[in-house]
Amino acid sequence: MRWHKRLLVAGVTGAVVLAASACAGGQVRGAGGTPQPSGSTTQSAAAQANDATFVYAPNLDVVTDWDPASSYSNEIVAMSNIYEGLTRYNAESQKPEPRLATEWSSAAGGKEWTFKLREGVTFHTGAKLDAEAAKKAIERTIKTNAGAAYIWAAVDKIDAVDASTLKFTLKYAVPLDLIASSGYAAYIYDTAVADKLEKGEIDAGTGPYTIDSWQKGKETELTLKAYEDYWGGWKPEQYRKVAFRVTPEITTAWQLLQKGEVNFVQRLNPQLFEQAGMTEGVRTAQRPSFQNLLMLFNTAAGPAKDVKVRQALQLAVDYDGLTAALKGAGQKGSGLVPQGLLGHSSGLEPKQDLARAQELLAEAGYGPDLKELKLTLTYAQGDEDQKLLVTLLSTTLKQLNVTLQAKPMAWNAQWDLGKKQGQDVFVMYWYPDYADAFSWFFNVFRSADKPQFNLSYLKNAAIDKAIDALPELSATDPLAASQAYTDLQKKIIQDEAAVAVPYVQTYQRALSADVQGYTDNPAYPNVVFFHELSSAG
Amino acid sequence: MPRYLTRRLGQAFLVVAGVVALTFVIMRVVPGDPAVAFAGPKATPEQLAAARERFGLDDPLPVQLWNYVRDLVTGDWGTSLRTRQPVLDDLFQAFPASLELVGAALLLAIVVGVPVGVLAARYKAKFPDLGVRVTSMLVVSVPVFWLALTLQTVFAGHLDWFPVAGEYDRVLDTTSPLTLWTNITIVDALITGNWPIFTSTLEHLVLPTLVVAAYPMGVIAQMTRAALIEEAGQDHTRLERALGFTETSILTRFSLRPALGPVLSLIALVFAYAIVNGFLVEAVFNWPGLGRYAVQSISHADTPAIAGVTLLVAVMYVVANLVVDVLQGVVDPRARAR
């Protein structure tokens, strides 16, 4: 045999061996999903009017955990359309609104809560929603103790008083109607099939959509279809099918949106976002999120232990310059609590004042003609917005004879170092798991012997006492709670100078111009409630 | 041949074992608690402790290494901290798509690179040679990410000749579902005669294949040219010339075969390189391969997944070299004696 023929035979043999070794054995891709919607016998003639699929372009995997008890990641976008909670937060009215519960009341100073459940709701499994089913779901989530299950920590016991009445008895007062609106760990689901959810073939929710197909790792990872018996009903112009097309690159997402291949891009960069605003067939939407950046100063050790140094650092941040450089991706906040949450206070906007910063540093013994101040700062690796802050701050501080040694780190490494008090300034985002400002105070500023998120290491008994009183106040007297939040923010930001808040992140979305009804609800990050949308096309 | 093969297999085993040990050590000396990737960024101390116990992260390092190697040998590559699925399942999902892209790119690189190299050698120091050298230098040095974005913007965005991204049109999953045999879409579409998916995949393959093929094509052309020019100085070439063979005939009939040895070695090298280089291309073209999995695993500090990807790439590298060694033995019997 000639050499090139032998080469060919070897090549073909190799290819056959490779193919055989990779052999998966005759499965149909996307099996488990439904056939064409037109083949559905339950679909009404009116509903066929909008046969378009709404395509969402996320930049990361869509689902990593199908269990509604432990789910605590990107899948919030899909899960919020498959599952529902007792309430849903309205960022405009700043109140929870009815969802699976139609009304609720509290008694005993916020330690007893009674929810009246909606009639005529069924799970996607066919089972009927009643108080016993809701009780089982929440009890299973508490028992699972994963993800955000801690939100139910105050619950002592749950009683199904009758088929439509659910009563919670709490160990201490909390605003349970807000907790029940959480985007994580507050879903009501059919526990009978809870151990069969892992493969993403079925779900156990009551929401408007149910799983059509899930192909992990594929470009179109997940498709959802309308749940025909949804209690909210269906109108002809609503989207009955949804697809998630994973698109890691922003530029690719932008190309796909322009071509009409996707309908929604969760975030473009500022340049493309500006371009999107001027492009035909595309519209943009932006609103402040509930996520702000915190610069936590080490109040326990090192040079930042001196409150004057901390105040100088607060004054050195160029808040307006940073907002301008972020080109809409972030905006200056007021205090610790973002707008749209109970506890937000106007009049706490920070301002750069380099002259005052220099005076304060001089009082602490540092400055251009005095000793050089060296500070270490850690921030998130790969986050361009944080990098921008660090670059601007380093340049400003240089003028004050302060050298900032900034280290970009992966979260787990940064957090580990932070727990050991390994830096002078810890930069991180904070966001609430449900629409309540409490977590900024309880998690980040309440004294802790072993710091978890109290990475300013603040220890102040008076602040602790005020924080501990917040849940009961929120549950019983929102006005008094609002004042208490304002007072606390003044103590933490102005008196203790434990933190600076450089900006609140702004959501910048781009979507097809023919999509109507979209509102961004920052209580549910990146979630589009597809059932509320309609197509004008 | 069997002794030659045994020797090569032994060497391959040592390389893979070295990679396993090195990967494990690197994963464990990197600062930060891997349990955070599983328990979430806001995990409570109890949740972190539970995750550490579940994955044996509190065990002494030698015990962890022993468990890791023992599990690897039994086919358990661990559980991804991010996707919560067995790493081997995740890799099995992602790898065929990468293989499809890199396979197509290498095929293109060989089919174009070798003849172009022959052409350059045939017209050494003349215009075609200059053209080939300049072009191959250009495609080798252009950043792959830039090339991907440019081709996508021009040929998909503006000219609309090719799709922007994806492996095939997703609508075909419902109109023309694909039966999987090898998990490599284009191969399965061909085997099962699923022409809509086959043609759609071909269309989607063009741009990413061109980008991944650019570097291998350039180096293969250059290496073929250099090897042929070296052969031109050999005694046998002078004899063939004296016997009246034409220059083209000498190149293709006599010089190409011995010159293919170094080219084959190079192909093995660029194969592994193309898989890793393809990660960026996959991100730009939404190609559902190892790239996305690797990038997300790294950003989430998902150590079992990172180790899995590293090991798989190392194994592919070793296998590619082994295959080339065997092929060289077929092409050039002298190689077996070395």
Could you tell me whether any residue of the range A:325-343 is surrounded by 18 or more Cβ atoms within 10 Å (Cβ to Cβ), of a type in the set (A, V, I, L, M) and touching a Lys or Arg at 6+ places or on another chain (Cβ under 6 Å)?
no
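Per-residue answers, yes or no, for (1) crowded, with 21+ Cβ neighbours inside 10 Å; (2) part of a helix (DSSP H, G or I):
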{"position": "A:274", "(1), (2)": "no, yes"}
{"position": "A:284", "(1), (2)": "no, no"}
{"position": "A:287", "(1), (2)": "no, no"}
{"position": "A:292", "(1), (2)": "yes, no"}
{"position": "A:301", "(1), (2)": "no, no"}
{"position": "A:304", "(1), (2)": "yes, yes"}
{"position": "A:312", "(1), (2)": "yes, yes"}
Selected residue (criterion: farthest from residue B:158 (Cα to Cα)) from residues of the range A:247-263 that are more than 7 Å from chain B (Cβ to nearest Cβ) and crowded, with 24+ Cβ neighbours inside 10 Å
A:263
Of the numbered conditions (1) within 24 Å of the chain's Cα centre (by Cα); (2) closer than 30 Å to residue A:280 by Cβ, residue A:444 satisfies every one except a single condition; which is it?
(2)
Hey, any hits in the range B:31-50 for a residue that's more than 14 Å from every other protein chain (Cβ to nearest Cβ) and not aliphatic (A, V, I, L, M)?
no
Expected single match for in the same structural domain as residue B:314 (by TED's automatic domain parsing), outside any loop (DSSP other than H, G, I, E, B) and not acidic (Asp, Glu) among B:103, B:18, B:10 is B:103
Cβ-Cβ distance below 8 Å, separation of 6 or more or different chains: which pairs start in the range B:173-189 with a residue that is more than 7 Å from chain A (Cβ to nearest Cβ) and under 17 Å from residue B:101 (Cβ atoms) and end on one that is acidic (Asp, Glu) and in a helix (DSSP H, G or I)?
B:185/B:100; B:186/B:100
For the range B:279-338, list the helices (runs of 4 or more DSSP H) that sit wholly inside it and hold at least 1 residues that are polar (S, T, N, Q) and modelled with pLDDT of 80 or more; which are they?
B:290-299, B:303-331
Here the residues within the range A:413-427 that are out of contact with any Ser or Thr (no Cβ under 9 Å at 6 or more places or on another chain) and either touching a residue at least 40 places away in the same chain (Cβ under 8 Å) or buried (at least 20 other Cβ atoms within 10 Å of the Cβ) (or both) are A:415, A:421
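Looking at the range B:272-309, which of the residues that are among the aromatic types (Phe, Trp, Tyr) and within 12 Å of chain A (Cβ to nearest Cβ) is farthest from residue B:86 (Cα to Cα)?
Selected residue: B:285.
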Is it the case that some residue within the range B:89-111 is of a type in the set (Val, Ile, Thr) and at pLDDT below 85?
no
If we scan the range A:402-411, do we find a residue that is at pLDDT 90 or above, out of contact with any strand residue (DSSP E or B) (no Cβ under 8 Å at 6 or more places or on another chain) and basic (Lys, Arg)?
no
Within the range A:158-209, work out how many residues are under 30 Å from residue B:173 (Cα atoms) and surrounded by fewer than 23 Cβ atoms within 10 Å (Cβ to Cβ).
10
Among the numbered conditions (1) away from chain B (no Cβ under 14 Å); (2) surrounded by 19 or more Cβ atoms within 10 Å (Cβ to Cβ), tell me where residue A:280 comes up short.
(2)
Out of curiosity, is residue B:132 surrounded by fewer than 19 Cβ atoms within 10 Å (Cβ to Cβ), under 25 Å from the mean Cα position of the chain (by Cα) and away from chain A (no Cβ under 11 Å)?
no
Candidates A:302, A:328, A:335 - the one that is of a type in the set (Gly, Ala, Ser) and closer than 22 Å to residue A:407 by Cβ
A:302
Scan the range B:137-172 residue by residue and report those that are among the small types (Gly, Ala, Ser), buried (at least 19 other Cβ atoms within 10 Å of the Cβ) and either within 13 Å of residue B:281 (Cα to Cα) or more than 9 Å from chain A (Cβ to nearest Cβ) (or both).
B:148, B:165, B:166
Which condition does residue B:23 not pass, out of (1) free of Cβ contacts under 8 Å to residues at least 40 places away in the same chain; (2) not assigned by TED's automatic domain parsing to the domain that holds residue B:287, if it passes all the others?
(1)
From the options A:195, A:229, A:212, residue that is within 11 Å of chain B (Cβ to nearest Cβ) and of a type in the set (Asp, Glu):
A:212
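Name every residue in the range A:375-400 that is within 22 Å of residue A:414 (Cα to Cα), in contact (Cβ under 8 Å) with a residue 40 or more places away in the chain and of a type outside the set (Asp, Glu), in order of residue number.
Those that are within 22 Å of residue A:414 (Cα to Cα), in contact (Cβ under 8 Å) with a residue 40 or more places away in the chain and of a type outside the set (Asp, Glu): A:375, A:376, A:377, A:378, A:379, A:380, A:386, A:388, A:389, A:392, A:393.
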Which of the residues spanning the range A:307-345 are polar (S, T, N, Q) and within 26 Å of residue A:360 (Cβ to Cβ)?
A:311, A:314, A:323, A:334, A:345
Restricting to the range B:65-91, what's the tally of residues that are polar (S, T, N, Q) and touching a residue at least 24 places away in the same chain (Cβ under 8 Å)?
3
Any residue in the range A:105-123 that is part of a helix (DSSP H, G or I) sitting within a Cβ distance under 7 Å of a residue that is surrounded by fewer than 17 Cβ atoms within 10 Å (Cβ to Cβ)? List the pairs, counting only those 6 or more apart or interchain.
A:109/A:476; A:110/A:476
So which residues in the range B:278-309 are more than 23 Å from residue B:157 (Cα to Cα), among the polar types (S, T, N, Q) and in contact (Cβ under 8 Å) with a residue 24 or more places away in the chain, if there are any at all?
B:296, B:297, B:303
Residue identified as among the polar types (S, T, N, Q) and away from chain B (no Cβ under 13 Å) among A:144, A:165
A:165
Select from the range B:51-92 the residues that are buried (at least 21 other Cβ atoms within 10 Å of the Cβ), within 11 Å of chain A (Cβ to nearest Cβ) and not acidic (Asp, Glu) and list them in ascending order.
B:51, B:80, B:81, B:82, B:83, B:91
Residue hits (the range A:444-474; of a type outside the set (D, E, K, R), part of a loop (DSSP other than H, G, I, E, B) and either surrounded by 15 or more Cβ atoms within 10 Å (Cβ to Cβ) or in contact (Cβ under 8 Å) with a residue 40 or more places away in the chain (or both)) are A:448, A:451, A:452, A:453, A:454, A:455, A:456, A:457, A:458, A:460
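The values are calculated or read from the model by the stated rules, or taken from the named source; none is laboratory data. If you're wondering where the values come from, they're calculated on a predicted model, not measured in any experiment. When we count neighbours, we look across all protein chains shown, and the Cβ atoms used for this are built from the backbone with ideal geometry, even at glycine.
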